[in-house]
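Report on the following structure.
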Amino acid sequence: MANYNAVKTQNFRWDIAANWSTSVKKLTEIYNNQAKFGDLKLNERADSFYGTVWQKSATGEVILDPNTGLPTRDNFNVNLGHSDPSWRLGLQNKFMIKGFDVNIDIDGAWGGVMRSVTIEKMWWGGKHPSSVEFRDAEYAAGKAIYIPEGVVITGGELKRDVNGNVLSDTRTYKKNTTAVNWQTWSQIYPYQARVTEDENKKFANVFDRSFFKLRRISVGYDLAKVIKMGSLKSVHVSAYSYNPLMWKKMPLLDPDYGDDNNLQDPSARFIGFSLSVKL
């Protein structure tokens, strides 16, 4: 953490405090020399995020059932990243400008992934903004019209070892052409397994948790400097706001709130005023 005065003149002063931190915890030993601890392997990050995923081709395309058009869950959990941010940053700024005191605090985090149960539930319950996309057209057609992007297997075989590592893969594919009921798809694909943004941005439920937030901003002034108020030494008034602005990568939710493993409310945003009097 660093503290210093960046600028100081007769009518201006800027004090800044900055902090930056990073830490990584790894699994360096497993009891009785076991090969794994749950999903974790030796020397992996302790915050590695493993999740159930959909079966995919060697090139990463989702494999769909040729009869139903629906995906099938993989038998092995996959490491989708790490839950903790790669690093955190904070900046606290205090300005004195011609008698006004201005405070601006910024903080944030970079890296890491976050599963959103809230978004999964929104897809399942038809509350997600994109969950209505094909409903009207499907009702008008009287049949399923949504054809998911993916492939179906036409031949070959996939062989794996007991840990899920690929030993050989001779599978062949063709593009999926089977239409799926939109509600059925919405309640299965983005709900029953983990979908990253790299796999499908629209249906993702695992996100990059990076964000930067304007945590606090305030402006104050001592009115006693310009208005005579009897015996009062100071009449300091200020206006302030907490969480007024945020830049983030994930949609809809607030990564600053924490993990979303059981639904989430966003961080509160508010403004206020204060008055401090000294006799």
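I'd like to know if segment 145-164 contains one or more residues that are part of a helix (DSSP H, G or I) and surrounded by 14 or more Cβ atoms within 10 Å (Cβ to Cβ).
no
Could you tell me how many of the residues in segment 106-150 are more than 20 Å from the chain's Cα centre (by Cα) and of a type in the set (Val, Ile, Thr)?
Qualifying residue count, segment 106-150: 3.
Would you point out which residue out of Thr118, Thr172 is among the β-branched types (Val, Ile, Thr) and open to solvent by 60 Å² or more (accessible area, probe 1.4 Å)? Can you show your working first?
Details: Thr118 fails: open to solvent by 60 Å² or more (accessible area, probe 1.4 Å).
Within the list Thr118, Thr172, the selection yields Thr172.
Where residues in segment 37-51 are surrounded by 17 or more Cβ atoms within 10 Å (Cβ to Cβ) and among the hydrophobic types (A, V, I, L, M, F, W, C), which of them is nearest to Ser86 (Cα to Cα)?
My answer is Phe49.
Which is in contact (Cβ under 8 Å) with a residue 40 or more places away in the chain and closer than 30 Å to Leu223 by Cα, of Gly90, Gly60, Gly99?
Gly99
How do the pairs read when you match residues in segment 199-213 that are under 29 Å from Trp182 (Cβ atoms) with residues anywhere that are buried (at least 18 other Cβ atoms within 10 Å of the Cβ) and among the acidic types (Asp, Glu), using Cβ under 6 Å and keeping only pairs 6 or more apart or on different chains?
As it stands, the answer is Asn205/Glu120, since those pairs meet every condition given.
Condition (residue is of a type in the set (D, E, K, R) and within 15 Å of Thr59 (Cα to Cα)) applied to segment 178-199: is it met by at least one residue?
Yes, segment 178-199 has at least one match.
Residues in segment 236-258 that are closer than 20 Å to Leu214 by Cα and surrounded by fewer than 16 Cβ atoms within 10 Å (Cβ to Cβ): how many?
Qualifying residue count for the region: 9.
Please count how many residues of segment 52-71 are open to solvent by less than 60 Å² (accessible area, probe 1.4 Å) and within 27 Å of the chain's Cα centre (by Cα).
Counting residues in segment 52-71 that are open to solvent by less than 60 Å² (accessible area, probe 1.4 Å) and within 27 Å of the chain's Cα centre (by Cα) gives 11.
Mind checking which residues of segment 241-269 are outside any loop (DSSP other than H, G, I, E, B) and either among the hydroxyl-bearing types (Ser, Thr, Tyr) or modelled with pLDDT under 90 (or both)?
Ser241, Tyr242, Asp256, Tyr257, Asp260
Filter segment 194-217 for residues that are assigned to a strand (DSSP E or B) and surrounded by fewer than 18 Cβ atoms within 10 Å (Cβ to Cβ) and give the result.
Phe212, Leu214, Arg216, listed by residue number.
Only one of (1) in a loop (DSSP other than H, G, I, E, B); (2) surrounded by 12 or more Cβ atoms within 10 Å (Cβ to Cβ); (3) touching a residue at least 40 places away in the same chain (Cβ under 8 Å) fails for Ser231. Which number is that?
(2)
When both residues are 6+ apart or on different chains and their Cβ atoms are under 8 Å apart, which pairs have a first residue that lies in segment 110-135 and is of a type in the set (Asp, Glu), and a second that is open to solvent by 20 Å² or more (accessible area, probe 1.4 Å) and modelled with pLDDT of 95 or more?
Here the result reads Glu120/Tyr191, each pair linking segment 110-135 to a residue that is open to solvent by 20 Å² or more (accessible area, probe 1.4 Å) and modelled with pLDDT of 95 or more.
Answer yes or no as to whether Trp54 is touching a residue at least 24 places away in the same chain (Cβ under 8 Å), farther than 30 Å from Trp182 by Cβ and hydrophobic (A, V, I, L, M, F, W, C).
no
The values are calculated or read from the model by the stated rules, or taken from the named source; none is laboratory data. Computed from a predicted structure; not experimentally measured. Counting neighbours? That spans all protein chains shown, and the Cβs are built from the backbone with ideal geometry, glycine included. Areas reflect the complete protein model, heavy atoms only, side chains present, ligands, DNA and RNA absent. Shrake-Rupley method; radii C 1.70, N 1.55, O 1.52, S 1.80 Å.
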